[in-house]
Amino acid sequence: MAEHVLVTGGAGYIGSHACKALARAGFVPVAFDNLSTGWAEAVKFGPFVQGDLMDRARVDEAFARFRPVAVMHFAALSLVGESMRDPGLYWRINLGGALNLFEAAVAAQCRNIVFSSTCATYGDQDGVMLDEGCEQRPINAYGASKRAIEDMLVNFGQAYGLNHVIFRYFNVAGSDPEGEIGEQHRPETHLIPLMLEAIEGKRPALTLFGTDYPTPDGTCVRDYVHVTDLADAHVLGLKRLLDGQGNGVFNLGTGRGFSVREVITHAGAVTNRPVPVVEGPRRPGDAAALVSGSVRACEELGWRPERSDLRQMITDAWRWSQSPGYSE
Ligand code: UDP
């Protein structure tokens, strides 16, 4: 019988792509999601449990019903700007949800957690290439909450033998090449979808957050990675745990950074349309540059970010934004 994997946040952008990758690899993904930011229509690859991680009984029920061999934990609040305005929300929801989940996993004797962490745990480090050994000094509440969950996993490993693979993502972009699912948030705050909406005239312009950063063109530099490459890494991380190869921490990025202005230029070229842009002030909590210097995921997991070319990511996102699956 196929093994079940509990995917918290399975109705969200990254979680739904992970569900697809799991199904393709022969697992049954069980999406657990409260639909606060996710989409019921994105749950297509296995059973759906509508529930909230803050509701421990509901989480226990999911473990009892599906007996998952592992958990992929995506469900969290993840907006840098919002986390600076309302840090309490991030500490309460992200930490509270993870705590309930890990305690429920231990109680159900499910010993394997693949955790969705972030490069925001590193903070602003003068443009150095960030590898997994870099000190974590988050500069926003979102990154701080994710770092705290990493610490929680280490403690749970020591005390209860809960195994973990932690992935620190850089900037996730693009959409399922087959067009079944894609990127969409309510409200949208991410650069590429906002930029595509501006190109289509759905919003007046993209606001460029800050032009005075200490980067070559003054705008923030980010390392963009395709969501399907990221989902594949999660399956590799899961297999590592199921094979008993032990805990691991991996950055997921490409090692190549693009400034916001460069992303805008590429989007103009891909869509062959002008990108309406207005310059605005910096967004609180933004680091100047976040670029992954890591090759660990490639060396230890055999991961290959095959689709993470910026133009490919924008092309896939553009196709999705114009498809019937994308709601207005
Ligand atoms: N950004 C921007 N205008 C926007 C949204 C984002 O200039 O309307 C910039 C943002 O400051 C950051 C980069 O684009 O430097 C990527 O931001 P996003 O919110 O997509 O991802 P994050 O880096 O916060 O994970």
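The values are calculated or read from the model by the stated rules, or taken from the named source; none is laboratory data. The model shown is predicted, which means the values in this text are computed figures rather than measured ones. Glycine gets a Cβ as well: all are built from the backbone with ideal geometry, and neighbour counts include every protein chain shown.
In table form, for the structure just shown:
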item: Members of segment 262-320 found to be away from the ligand (no atom under 16 Å from the Cβ), part of a loop (DSSP other than H, G, I, E, B) and not hydroxyl-bearing (Ser, Thr, Tyr), listed by number; result: ASN272, ARG273, PRO274, GLY293, VAL295, GLY302, TRP303, ARG304, PRO305, GLU306, ARG307, ASP309
item: Lone unmet requirement of (1) farther than 28 Å from SER36 by Cα; (2) touching a residue at least 24 places away in the same chain (Cβ under 8 Å) for GLN136; result: (2)
item: Any hit, segment 228-241, residues being within 14 Å of the ligand (Cβ to nearest atom) and either among the hydroxyl-bearing types (Ser, Thr, Tyr) or in contact with a strand residue (DSSP E or B) (Cβ under 9 Å, 6 or more places away or on another chain) (or both); result: yes
item: Unique residue being in the same structural domain as VAL69 (by TED's automatic domain parsing), of a type outside the set (Val, Ile, Thr) and surrounded by fewer than 16 Cβ atoms within 10 Å (Cβ to Cβ) when the list is GLY133, GLY123; result: GLY133
item: Which numbered condition THR189 misses (of (1) at pLDDT below 95; (2) crowded, with 16+ Cβ neighbours inside 10 Å); result: (2)
item: Residue within segment 92-99 that is surrounded by fewer than 16 Cβ atoms within 10 Å (Cβ to Cβ), away from the ligand (no atom under 16 Å from the Cβ) and assigned to a loop (DSSP other than H, G, I, E, B) present; result: no
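Every residue, every condition in (1) within 13 Å of the ligand (Cβ to nearest atom); (2) at pLDDT 95 or above, yes or no:
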{"residue": "HIS164", "(1), (2)": "no, yes"}
{"residue": "ARG168", "(1), (2)": "yes, yes"}
{"residue": "GLU183", "(1), (2)": "yes, no"}
{"residue": "ALA205", "(1), (2)": "yes, yes"}
{"residue": "GLY210", "(1), (2)": "yes, yes"}
{"residue": "VAL221", "(1), (2)": "yes, yes"}
{"residue": "HIS226", "(1), (2)": "no, yes"}
